[in-house]
Every structure is written in C-alpha cells, then in structure tokens.
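Asks: Following this message is one structure expressed as structure tokens.
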Amino acid sequence: MSDSNKTRGEDVQLNNDEYANLGLYAKVFSDLTPAKEALLAKQGPRLEPYLQEVTNKFYNTLQKIPNAQPYIEGRIDRLKQTHVNWLKKVVSGKYDITYVEQMYNVGYVHVQVDLPAEFMAGGTTLIANELYHLVPQIYGSDAKACVAMIEALNAILGFSLIIMQASYQASISEVKDKFLAITGMSQKLFEKLAATYDAKH
C-alpha cells in the first residue's frame, strides 16, 4: 500500500517499506524461519479441516469471560466465519508483505472497537492451546514431527501477534499527536505532566 492509497486511519497505516521492515522485525522476535514457513506451507492443509473446531472452542471460551461479552454478543456466527478465514491465512505458509498488511489491519480493526490489548494476547494464547492439541491427532506418536509443527505454529502466532499489536502502539501515538495538535501543548510539557501524574498515582 503506497502513501497515496492510504484510506481510513491513514495516520496509522504503513507504506510497503514499513510493512516489509515490520515483517522482518517480527520474524526475528518470533523465530519464524524459512524452514518453519515451508513446514506450514506444506502441512497447513492438514490443519484446515480442524479450524472450525478450533474457532468454536475459542468462542465457547470467550462466552465464559464477562468482559468479552460486549465485543461478541449477537455477532458470534459472523465472527466465527471471519475467524476461520483468519486462521486459514495463519496456517497458509504465505507470510509476505500482503500478510503483514492484513495482520496489521486486523489489529487496527480491534483498535477501532476499543478492544483491550490484553484480549488480543489472551486470544492468541487460547488459539495456540487449541492448535497445539491438534498436532498429536495429526502426527500421532511421531515426536519429532509434533515438536517441529508446534514450534512452527508458535512462531507464526507470535509473528502475527507482534504485527497486530503494532497497530495498537501506532494508534496510541496517533491519539496523542491529535491531542497535542488540538491543545497546542508541546511534547515536552506533555511528558512533564505525564511524569507528574505517574508520580502521584
């Protein structure tokens, strides 16, 4: 996406170079190696038949969390379909700039509905648990294959989470910049006031 094609929330959207750099950064921290990408590309289709089950269990758990209700109530069926489509991308093995942009926009959408940041991290953990449980069903007693697949899933989930959370940080900076522009407050004064507030609380 070029700067000239930015749409909603253009202040927090990135250009192609920025998406590429974010992707490289996230791959280092998540240890998403070419070998793990290749494994996911090869084995992802074996996971696809189970993704609806993973999604159903995920939303069953969310329905038991009171604070999650405002974000899912009355929209479960639609959210489940979106979630299955997202999981298909996650296990696709295709983690190029397009994937980075898609994950970044997923995070941005969550920002727009005021979803707390911990929900995204917690949700990723719940999804990881369900996917890890599937691995022995698929690979049986082949311990080496199980470990390799779990490591690959852990890497791609971590990679995706890092990118999605980048939207949160960008949105926080955007809100602060708008506040400073509206109030005419300098960055230095803002930081001083913030430090004073932190000291009192």
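Rule-based calculations on the coordinates, nothing more; no lab input. Worth saying up front: this structure is predicted, and the values here are computed from it rather than measured. No Cβ is skipped: glycine too gets one built from the backbone with ideal geometry, and neighbour counts run over all protein chains shown.
Asks: For a quick check: sort Phe159, Phe29, Phe119 by the number of other beta carbons within 10 angstrom, fewest at the front. Walk me through the numbers on the way to the answer.
Replies: Values: Phe159 26, Phe29 12, Phe119 15.
Placing the least packed residue first, the sequence is Phe29, Phe119, Phe159.
Asks: Using the Cα centre as the reference, give the magnitude of the dipole from point charges on the C-beta atoms of the stretch 1-142 (Lys, Arg: +1; Asp, Glu: -1; all else neutral), rounded to the nearest 20 debye.
Replies: On the way: 14 positive and 17 negative charges, 101 e Å.
Taking the Cα centre of the stretch 1-142 as origin, the dipole is about 480 debye.
Asks: To continue, here is another question. D for the stretch 20-110, whole µm²/s, Stokes-Einstein with Kirkwood Rh over alpha-carbon pairs at 10 °C and 1.306 mPa s: what number?
Replies: The estimated diffusion coefficient comes to 108 µm²/s.
Asks: Take the alpha carbon gyration tensor of the stretch 13-171, find the square roots of its eigenvalues, order them as a ≥ b ≥ c, and report rounded if a/c is under 1.5; if not, report prolate when a/b exceeds b/c, else oblate.
Replies: Details: a/c = 1.96, a/b = 1.10, b/c = 1.79.
It comes out oblate by the Cα gyration axes.
Asks: With θ set to phi - 60° and the Karplus curve 6.51 cos²θ - 1.76 cosθ + 1.60, what are the ³J(HN,Hα) couplings of the stretch 101-112 in order, to the nearest whole Hz, using x for Gly and Pro?
Replies: Each residue of the stretch 101-112 in turn: 5, 4, 5, 4, 6, 4, x, 5, 4, 5, 4, 5 Hz.
Asks: Another question, then. At 10 °C and 1.306 mPa s, grab the translational diffusion coefficient of the stretch 110-158 from Stokes-Einstein with a Kirkwood Rh over Cα pairs, rounded to a whole number in µm² per second. Don't skip to the end; give the middle numbers.
Replies: On the way: Rh = 12.0 Å.
In µm²/s, the coefficient rounds to 132.
Asks: Looking at this model, which pairs from Lys57/Lys88; Lys89/Lys144; Lys80/Lys144; Lys27/Lys89; Lys64/Lys94 are more than 27 angstrom apart at the alpha-carbon? Don't skip to the answer; put the middle values down first.
Replies: Values: Lys57/Lys88 16 Å; Lys89/Lys144 25 Å; Lys80/Lys144 32 Å; Lys27/Lys89 16 Å; Lys64/Lys94 33 Å.
Over 27 Å apart, Cα to Cα: Lys80/Lys144; Lys64/Lys94.
Asks: Express the C-alpha Rg of the stretch 65-111 as a ratio against the empirical globular expectation 2.2 N^0.38 Å, rounded to two decimals. Please list the in-between numbers first.
Replies: Details: Rg = 12.7 Å, N = 47, 2.2 N^0.38 = 9.5 Å.
That ratio works out to 1.34.
Asks: Can you find, among Ala68, His83, Asn15, the residue farthest towards the positive end of the dipole of the stretch 13-171? Put +1 on the C-beta of Lys and Arg, -1 on that of Asp and Glu.
Replies: Toward the positive end, the furthest listed residue is His83.
Asks: Quick one: compute a quarter of the convex hull surface over the Cα atoms of the stretch 86-141 and quote it in nm². Write down the numbers at each step before the final one.
Replies: Working: hull surface 18.2 nm².
Across all orientations, the stretch 86-141 yields a mean hull projection of 4.6 nm².
Asks: Can you work out ³J(HN,Hα) from phi for every residue in the stretch 138-152, in order, using Karplus 6.51 cos²θ - 1.76 cosθ + 1.60 and θ = phi - 60°, giving whole Hz and x for Gly and Pro?
Replies: Once θ is set to phi - 60°, the couplings for the stretch 138-152 become 8, 9, x, 8, 7, 4, 5, 5, 4, 4, 4, 6, 5, 5, 5 Hz.
Asks: Relative contact order, percent, of the stretch 13-171 when contacts are C-alpha pairs under 8 Å separated by at least 6 residues?
Replies: Numbers: 141 pairs, mean separation 63.5, N = 159.
Reported as a whole number, the value is 40 percent.
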